[in-house]
Amino acid sequence: MISLSLQVRWLPFGFLLLLGALSTGCHRSDSFAQVTMPVASVVRAGRIPLSNRLEVAGEFLPFQEVEIHAKVAGYIRKIHVDIGDRVHAGQLLAELEVPEMTAQVEGAQAVVQRSQEDILSAKSALARASADYAALHAEYDRLKQASEARPGLIAQQELDDAEAKDLSAKAQVEAARSELASREQGLSAAQADHRRYASLADYSRITAPFDGIVTWRYADTGTLLQAGTSNSGSMPAIKLAQVNILRLRLPVPESQAGYVHIGDKARIKVQATGEELSGKVVRTTGELDLATRTLQVEIDLDNKDGKLTPGMYADVTLNIQRSGNGITIPVEAVDRSQSAPFAFIVNQQGHIEKRTLHLGMETPRLIEVIDGLQEGEHVVVANLSSFKSGEQVEAKEVIVPDGKSDTGSGEE
């Protein structure tokens with residue numbers, strides 16, 4: 001009886017111990033599960049306007065630059081400018097000594113004068129022929145009228161002689177007119193020759209084709225210059241550059257060439273002076289340079305104050321591509337290892353979901369998602385290869401660069 005009561009008495013206590021042990025084990029198991037649950041670093045998908053930028057170094061060039069040659073061969077009699085001189089369009093730069101050209105101009109002028117005198121003589125001859133024709137024609141008309149009024153009064157021989165003289169005088173008038181026309185054509189040809197030689201003589205004066213600065217002087221007084229039109233190796237007199245407006249030329253890489261358009265705004269920092277300027281693209285070559293695989297892009301900058309010098313370099317930032325307020329995520333959140341890009345999101349139940357994405361514009365930090373995500377969803381941004389769809393994780397929101405340098409807020 002005694003042992004039975006003891007057994008009955010100890011059973012509940014042992015049962016309680018067993019329950020306690022089970023309870024403790026379960027508690028430890030739950031704690032272990034909480035500790036080992038994977039942690040996923042996530043960010044919220046938001047809407048940010050993107051602006052992709054291109055940074056490239058460019059070189060300042062004159063708006064126009066030309067080597068000025070002589071059009072006629074001759075010796076430099078006097079040169080009026082030197083390097084650094086600023087000149088205006090039409091200003092005399094140098095004078096050539098061309099003695100044979102002077103003789104040609106004088107000879108052409110003499111031919112013109114002789115042609116003019118020949119015309120005066122031809123006009124006099126035409127006037128005499130016309131007067132003779134008028135008199136003989138009037139005499140023939142009188143004889144003819146008298147013969148018709150009184151047949152037989154005028155001998156037929158006399159009438160025939162008068163008609164022959166009339167026709168001969170008329171032919172002489174036509175000949176005199178032809179001679180005058182020929183003399184007038186001769187005068188036109190002589191005047192054309194005179195103008196040609198006079199124009200060539202004018203080319204002995206070398207003038208500036210536009211406002212600019214003399215950047216180099218190749219010749220001095222007494223230098224023999226060959227005609228630039230007949231000798232490809234002829235030496236120029238000077239080099240002239242227009243620098244009140246400068247071209248800033250940029251080599252845009254092939255990968256970005258399709259995004260550059262006329263009118264794109266640019267921020268410019270001059271390396272030599274540290275000055276910051278603004279401008280816009282005004283022209284492109286429209287094709288890639290086959291040697292460098294770059295598109296040549298130009299920005300025009302006013303340089304009336306002369307602070308900029310051709311040959312200087314500048315760092316240029318171009319806003320070459322823009323998007324609206326699309327959903328954006330960090331580029332680290334996109335996995336491109338498969339045929340279609342995808343991202344992992346953590347749903348409200350804490351499970352991983354795989355989303356196939358349709359991507360849009362991309363910057364160095366952010367990428368636009370056209371389809372596949374909703375605003376506010378949590379996107380995994382780190383260790384994507386360690387997660388799989390359906391896995392339960394603990395989402396931990398992290399801070400990533402906000403991409404302000406990718407937006408257009410700094411646009412000039």
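Bear in mind that the values in this text are calculations on the coordinates, not laboratory data. A quick note: this is a predicted structure, and the numbers were derived from the prediction, not measured. When we count neighbours, we look across all protein chains shown, and the Cβ atoms used for this are built from the backbone with ideal geometry, even at glycine.
A few remarks follow.
- 0 to 90° range, to nearest 10: angle between helix 2-36 axis and the chain longest Cα axis: 10
- If R0 is 56 Å, the Cβ-Cβ spacing of GLU276 and ALA131 corresponds to a FRET efficiency of close to 0.05.
- Proximal aspartates and glutamates to LYS165, defined as alpha-carbon separation beneath 15 angstrom and excluding residues fewer than eight positions away on the same chain: ASP132, GLU139, ASP141, GLU174
- Subtracting the Cα-Cα distance of ILE245 and THR36 from 0.36 nm times their residue separation leaves 68.4 nm of extension gain.
- Using alpha-carbon coordinates, inclination of helix 156-202 to the longest axis of the chain, degrees: 40
- With a Förster radius of 22 Å applied to the beta-carbon distance between ASN383 and SER339, the computed FRET efficiency rounds to 0.50.
- Centre-to-centre separation between the Cα atoms of the stretch 246-272 and those of the stretch 35-58: 26 Å.
- Extension gain for GLU106-GLU353 works out to 79.1 nm (0.36 nm per residue, less the C-alpha to C-alpha distance).
- Given the alternatives (i) 21.9; (ii) 23.4; (iii) 32.6, Kirkwood radius over Cα pairs in Å as computed for this entry is given by (iii).
- Cα-based reach from LYS354 at 16 Å (exclusive), listing lysines while leaving out same-chain residues under 8 positions away: LYS388
- Packing order of peptides 283-295, 266-278, highest average first: 266-278, 283-295 (average count of other Cβ atoms within 10 Å over each peptide's residues).
- Angle in degrees between helix 99-149 and the longest Cα principal axis of the chain, rounded to the nearest 10: 50
- Of the peptides 255-262, 148-155, the ranking by mean beta-carbon count within 10 Å, highest at the top, reads 255-262, 148-155.
- Partners of LYS170 within straight-line reach, counting lysines whose Cα lies under 18 Å from its Cα and excluding those fewer than 8 residues away in the same chain: LYS123, LYS144.
- Distance violations [Cα-Cα > 32 Å] among LYS78/LYS304; LYS78/LYS269; LYS265/LYS304; LYS71/LYS265: LYS78/LYS269; LYS71/LYS265
- Pair ARG44, ILE370: separation of 7 Å Cα→Cβ label points (nm): 2.7
- Gained length - THR223 relative to SER255, 0.36 nm times residue gap less alpha-carbon distance: 6.4 nm
- Exposure proxy order (Cβ contacts within 10 Å, fewest to most) of MET312, MET101, MET37: MET37, MET312, MET101
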